[in-house]
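Data block below; observations after.
The values are calculated or read from the model by the stated rules, or taken from the named source; none is laboratory data. These numbers come from a predicted model, not from an experiment. Glycine also receives a Cβ, built like all others from the backbone with ideal geometry; neighbour counts cover every protein chain displayed.
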Amino acid sequence: MGSKNPSSLHAIRGTFLDFINDPFYASDADSVRYISDGLLVVENGAIADFGTYDDLHNRYANLPTETYFNKLITPGFIDTHIHYPQYEMVAAYGEQLLEWLNKYTFPTEGKFHDYAYAQKIAALFLDELLKNGTTTALVFATVHPQSVDAFFEVASRLNLRMICGKVLMNRYAPDFLTDTPQRAYEESKKLIQKWHNNGRLLYAVTPRFAITSTDEQLRLAGQLLQEFPDVYLHTHLSENLQEVEWVAELFPNSKSYLDVYDRAGLVGKTSVFAHGVQLTDEEFQRLSHAKAAISFCPTSNLFLGSGLFKLHTAKSATMPIKVGLGTDIGAGTSFSMLQTMSEAYKVVQLQNQSLSAFKALFLATLGGAIALSLDDKLGNFDPGKEADFVVLDPQATPLMAVRNQGFPAKSREELSDQVFGTLMLGDDRAIHAVYVAGTLAHQK
Ligand code: GUN
Ligand code: ZN
């Protein structure tokens, strides 16, 4: 990994929790890795070694070491669906999806033709992500190419692993927010050439959703994926009933909402579909077969009254689908992935199922990395991966200090209870420190 500059070698000592398997399909014993006194060795931004302090400390006796007492260190959180231009319009009152878009979202996104404004919001947005322990996100920009430039410039300065893309939309939106199929194709292509794999940055071809793109525009999006097979496809899918009905009217030849994207060549292993609340079993099956991912966005689905995502179907053994968690700011109401896990738990409860603390945390870390095909680089503490991690304080508030008074846990069962308490009660106050590529990027 990179040069052998010894000064970049350092270590973190503390209590570590990550996943080495998917707890939806493997037992906790086979998926949860808990090291109550561990050492994480970092070199040139990557994990060089990881294990118990007992096993490793002799080998790394002279390394500069930061020790965290009574904290829980997890991989950085991964937000698999969020809109940076919607930073300023979180908590827009009273509407469901289609009215919400027209009344609040489109006017706000119109401001992003202004590069300086876009940069200002991108900086605020990324600061908020870091404060909440989110180190990687799959991000919508707006239709303006300069909104993508602004976002990537700021993300690059912070050395973050971020995925973003210009929104494609050529109908059913105000004139100031529409492009044409050809222009969208050309602008996206230029942005891919400029930003994809530029440092830690990656590009996503981003048609907003089936309603705002013609067949021709979707087809050209598919052509981009053929020309650049490792770029992402990021869009919305089957979120709201009225939306699904309208898509059926607009695309009478397609057999389902997903089929609209499928016919354009947009359903593959680098595709990430936000929501999927209204999907049929047949569509779930197709996503599973295509190895495409869904971003489950509980605070957004509740806020817009969209419905309850069937996580148990998406994570069934018979048709497993890659699932990550998304905040979907600004339809979502919190930047906090802890709060997002908490709301995911409640969405699952309302369907008479349960979501364990470990499963929720998996979705926010390794599960998100798998959904974004980044599990070779991120998601747990395996040596060779990038050293993005969060130092959580399970006793961050007086209430949490009492709720989690036994921290650190002596058993996996006790740990599960403490993590659950942290997800339910935690927010940015519980984010003690955040490391990006091995460097301290935020401290409370
Ligand atoms: N569907 C199309 N655009 C959007 C958006 O901006 N937010 C959400 N939640 N759904 C969408
Ligand atoms: Zn969205």
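Remarks
- Boolean, Phe407 is farther than 19 Å from Asn70 by Cβ and aromatic (Phe, Trp, Tyr): no
- Any hit, region 184-200, residues being part of a loop (DSSP other than H, G, I, E, B) and touching a Phe, Trp or Tyr at 6+ places or on another chain (Cβ under 7 Å): yes
- Cβ pairs under 6 Å, 6+ apart, first in region 377-389 and touching a residue at least 40 places away in the same chain (Cβ under 8 Å) and closer than 10 Å to Ile20 by Cβ, second among the aromatic types (Phe, Trp, Tyr) and not in a loop (DSSP other than H, G, I, E, B): Asn380/Phe19; Phe381/Phe50
- Condition broken by Phe273, with the remaining ones in (1) surrounded by fewer than 24 Cβ atoms within 10 Å (Cβ to Cβ); (2) within 16 Å of ligand 1 (Cβ to nearest atom) satisfied: (1)
- When Asp328 is tested against (1) buried (at least 23 other Cβ atoms within 10 Å of the Cβ); (2) assigned to a helix (DSSP H, G or I); (3) within 15 Å of ligand 1 (Cβ to nearest atom), just one condition goes unmet, and that condition is (2).
- For the condition crowded, with 20+ Cβ neighbours inside 10 Å, within 16 Å of ligand 1 (Cβ to nearest atom), among the polar types (S, T, N, Q) and modelled with pLDDT of 95 or more, Ser188 does not qualify.
- Test: residue in region 170-185 that is in contact with a strand residue (DSSP E or B) (Cβ under 9 Å, 6 or more places away or on another chain) and farther than 23 Å from Asn102 by Cα: yes
- Count of region 13-36 residues which are under 23 Å from Ala430 (Cβ atoms) and assigned to a loop (DSSP other than H, G, I, E, B): 1
- Pair list, Cβ under 6 Å, 6 or more apart: region 244-259 residue part of a loop (DSSP other than H, G, I, E, B), other residue aliphatic (A, V, I, L, M): Phe251/Val260; Ser254/Val260
- The residues listed here are Phe335, Phe362, Phe358, Phe309; of these, the one that is assigned to a loop (DSSP other than H, G, I, E, B), touching a residue at least 24 places away in the same chain (Cβ under 8 Å) and closer than 21 Å to Thr422 by Cα is Phe335.
- When every residue of region 394-416 is checked against the conditions, at least one turns out to be more than 18 Å from the chain's Cα centre (by Cα), surrounded by fewer than 18 Cβ atoms within 10 Å (Cβ to Cβ), acidic (Asp, Glu) and in the same structural domain as Tyr34 (by TED's automatic domain parsing).
- Single residue of Leu220, Leu160 found to be in contact (Cβ under 8 Å) with a residue 24 or more places away in the chain, away from ligand 2 (no atom under 16 Å from the Cβ), more than 24 Å from the chain's Cα centre (by Cα) and surrounded by 22 or more Cβ atoms within 10 Å (Cβ to Cβ): Leu220
- Candidate set: region 203-232, residues that are in contact with a Gly (Cβ under 9 Å, 6 or more places away or on another chain) and within 24 Å of Lys385 (Cα to Cα); chosen: the one farthest from ligand 1 (Cβ to nearest atom): Pro229
- Among strands (runs of 3 or more DSSP E) entirely within region 37-116, having at least 3 residues that are within 16 Å of ligand 2 (Cβ to nearest atom) and either closer than 30 Å to Leu302 by Cα or touching an Asp or Glu at 6+ places or on another chain (Cβ under 7 Å) (or both) singles out 77-83.
- Checklist (1) under 28 Å from Tyr34 (Cα atoms); (2) within 15 Å of ligand 2 (Cβ to nearest atom); (3) touching a His at 6+ places or on another chain (Cβ under 9 Å) applied to Thr142, failing item: (1)
- Any hit, region 108-118, residues being in contact (Cβ under 8 Å) with a residue 24 or more places away in the chain, in contact with a strand residue (DSSP E or B) (Cβ under 9 Å, 6 or more places away or on another chain) and closer than 16 Å to Glu88 by Cα: yes
- Of all residues in region 46-92 being small (Gly, Ala, Ser) and out of contact with any helix residue (DSSP H, G or I) (no Cβ under 7 Å at 6 or more places or on another chain), the one that is surrounded by the most Cβ atoms within 10 Å (Cβ to Cβ): Gly76
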